1. Starting from residues that are among the aromatic types (Phe, Trp, Tyr) and in contact (Cβ under 8 Å) with a residue 40 or more places away in the chain, keep the ones in segment 454-502 and report whichever is farthest from Leu90 (Cα to Cα).
2. Go through Arg252, Arg260 for me and flag whichever is over 15 Å from the mean Cα position of the chain (by Cα), assigned to a helix (DSSP H, G or I) and among the charged types (D, E, K, R).
3. Based on this model, can you work out whether Pro416 counts as touching a Phe, Trp or Tyr at 6+ places or on another chain (Cβ under 7 Å) and at pLDDT 90 or above?
4. From the list Phe202, Phe276, which one is more than 24 Å from Val87 (Cβ to Cβ) and aromatic (Phe, Trp, Tyr)?
5. If Thr27 satisfies every condition in (1) in a helix (DSSP H, G or I); (2) polar (S, T, N, Q); (3) farther than 30 Å from Gly224 by Cβ but one, which is the exception?
6. Within segment 111-128, is there a residue that is over 20 Å from the mean Cα position of the chain (by Cα), outside any helix (DSSP H, G or I) and surrounded by fewer than 23 Cβ atoms within 10 Å (Cβ to Cβ)?
7. Looking at this structure, is Leu142 surrounded by 24 or more Cβ atoms within 10 Å (Cβ to Cβ), among the aliphatic types (A, V, I, L, M) and out of contact with any Lys or Arg (no Cβ under 7 Å at 6 or more places or on another chain)?
8. Any residue at all in segment 445-464 that's closer than 21 Å to Met250 by Cβ and out of contact with any strand residue (DSSP E or B) (no Cβ under 8 Å at 6 or more places or on another chain)?
Amino acid sequence: MKALTIGIFLVILTLTLVITYWAARKTNTASEFYAAGGNLTARANGFALAGDWMSAAAFLGFSGLIATSGMDGSLYAVAALTAFLVVLMLVAEPVRNTGRFTYGDVIAERMRSRHARLAAVIGTFVVNLAYMVPQMAGAGALIKLMLGISYEAAVVMVGIGMIVYVLFGGMIATTWVQIVKAVLLLAAAAVLVVMLLAAVKFEPLTLFSAVEARYGAHMLLPGGYFKHALDPLSLFLSFIFGVAGLPHIMTRFYTVPDARTARKSVLWLMFLAGSFFLVTTLIGFASAMFVGQDAIRAADKGGNLALPLLAQYLGGGPGTFGGQFFLACICAVAFAAILAVVAGLTLASSGAIAHDLYVNVIRRGEVPEAEQVRVARLATLAVGVLAVALGLLAQGINVGVLVILAIAIAASANFPIIVLSMFWRRFNTAGVIGGVTAGLVSSVVLAFLGPAFLKDQAVFPIVNPTVLSMPIGFLGAWLCTVMSRRSAEHENRFDAFVFRAQTGVAPESATGRD
């Protein structure tokens, strides 16, 4: 049985390595490394965005949370659907029109300040690391189940894989690995849903009734995971505004030729990812019913293996060929999902370090293109090593909770300065620094003082801190702006920035960069 698992695993791994080899031959310039040359179609970028968003941490963590905590876990999946509207209406077009490779490009275009770009680098790096850790934790639990190796060895394996993909293939390899992963994941989810519906004779209400009979009515009611009245509101605020502040999502808008294509990419994302996350509630409750909460927690105390264990059960159970085959397929697809997402995160992080910090802050833009790519690859290696180290520390924590921490940081530190840059003439570099600092510190501190990490000993009562930390981020940006000296020259540039953000055309008066 293990030979079958390893065989399917190696097929997926070989496919992604072939893509990397092909992409490496096409990755020579900074534009190709960071943005795949900016030539992707809306459909290709939409599939890649879906691959970015349908992370293993999301589908493993969300389904596990539903299986162990009930209906509250489904809010994580539903809230994700609302987030894309903000991305579509507010972020996609201005980001594509005002940036080049990174989220820091947008802030620097508005402020023309190295200090503002540096603040954006810090926001990018912390959010990406916070998002990367749950991917590594999910990988460790998954590959431990699939191959029977230790959690630590599994995390190191994923770290090596993501470094190879980004180091040699850049955005081209990352994009196509994400596209392949999205197709495989959607196909696997469709098969799994058909199988579980067949198990209940295509009457989903039977499943909910069985869960209620076995575990009690509380599984279908609020309060299984969220204990505070503001928890659902804070979760929705985090998703709605946090996704628009995720750097690895925003960098995907640089891979298309124009703003119109960027908007179409988001429509593809909404359709693909929305279809997937709508079925996670069924998967979670089916896992609780057929596998059992005790078995799920025994396999991984964070509940992250609910979906693979359900696949094994529906295939015939442990020890059967069908059960092992479906378990191997789901695990292999999930492994591809992890590699795709961490590759995107690594690329966004290395871009912040190489393009924003080294090229534009330290060297003031005077760097040959070959050197830019070389520095980006060195940054990729450093980010990969750090991600592995942090992933080793995250064993046993529900990865869905860790994902929402990253999104909370994005909503509190990144989103306020993006919005204020686009809509407030008075906003300046001091405001960028104040907003990033206030949002970043408050979200991280409140999250670690909350129930997600301290359980019953929590000092802050709300699982997701966004309901408080996002207003703190806006307040920090506003205070630092109004307390700093006004600049007529800076405020006059606002019109040129808005014109470019909405049209993609740089006015002749908009000269000079950071």
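The values are calculated or read from the model by the stated rules, or taken from the named source; none is laboratory data. Since the model is a prediction, treat every value here as computed from it, not as a measurement. Cβ placement follows ideal geometry from the backbone for every residue including glycine, while neighbour counts extend to all protein chains displayed.
1. Going residue by residue through segment 454-502, those that are among the aromatic types (Phe, Trp, Tyr) are 460, 474, 478, 494, 497, 499.
If we keep only those that are in contact (Cβ under 8 Å) with a residue 40 or more places away in the chain too, we end up with 474, 478, 494, 497.
Numbers: Phe474: 17, Trp478: 20, Phe494: 17, Phe497: 15 Å.
If we take residues in segment 454-502 being among the aromatic types (Phe, Trp, Tyr) and in contact (Cβ under 8 Å) with a residue 40 or more places away in the chain, then Trp478 is farthest from Leu90 (Cα to Cα).
2. On the way: Arg252 fails: over 15 Å from the mean Cα position of the chain (by Cα).
Result of the check over Arg252, Arg260: Arg260.
3. Working: touching a Phe, Trp or Tyr at 6+ places or on another chain (Cβ under 7 Å): yes; at pLDDT 90 or above: yes.
Against the criterion (touching a Phe, Trp or Tyr at 6+ places or on another chain (Cβ under 7 Å) and at pLDDT 90 or above), Pro416 qualifies.
4. Values: Phe276 fails: more than 24 Å from Val87 (Cβ to Cβ).
Among Phe202, Phe276, only Phe202 is more than 24 Å from Val87 (Cβ to Cβ) and aromatic (Phe, Trp, Tyr).
5. Going through the list (1) in a helix (DSSP H, G or I); (2) polar (S, T, N, Q); (3) farther than 30 Å from Gly224 by Cβ, Thr27 breaks only (1).
6. First, pick out the residues of segment 111-128 that are over 20 Å from the mean Cα position of the chain (by Cα): 111-119.
This time we only want the ones that are outside any helix (DSSP H, G or I), so: 112-113.
The next check asks that each one be surrounded by fewer than 23 Cβ atoms within 10 Å (Cβ to Cβ); those that pass are 112-113.
Yes; the residues of segment 111-128 include at least one that is over 20 Å from the mean Cα position of the chain (by Cα), outside any helix (DSSP H, G or I) and surrounded by fewer than 23 Cβ atoms within 10 Å (Cβ to Cβ).
7. Numbers: surrounded by 24 or more Cβ atoms within 10 Å (Cβ to Cβ): yes; among the aliphatic types (A, V, I, L, M): yes; out of contact with any Lys or Arg (no Cβ under 7 Å at 6 or more places or on another chain): yes.
Yes.
8. Looking for residues that are closer than 21 Å to Met250 by Cβ and out of contact with any strand residue (DSSP E or B) (no Cβ under 8 Å at 6 or more places or on another chain), one finds none in segment 445-464, hence no.
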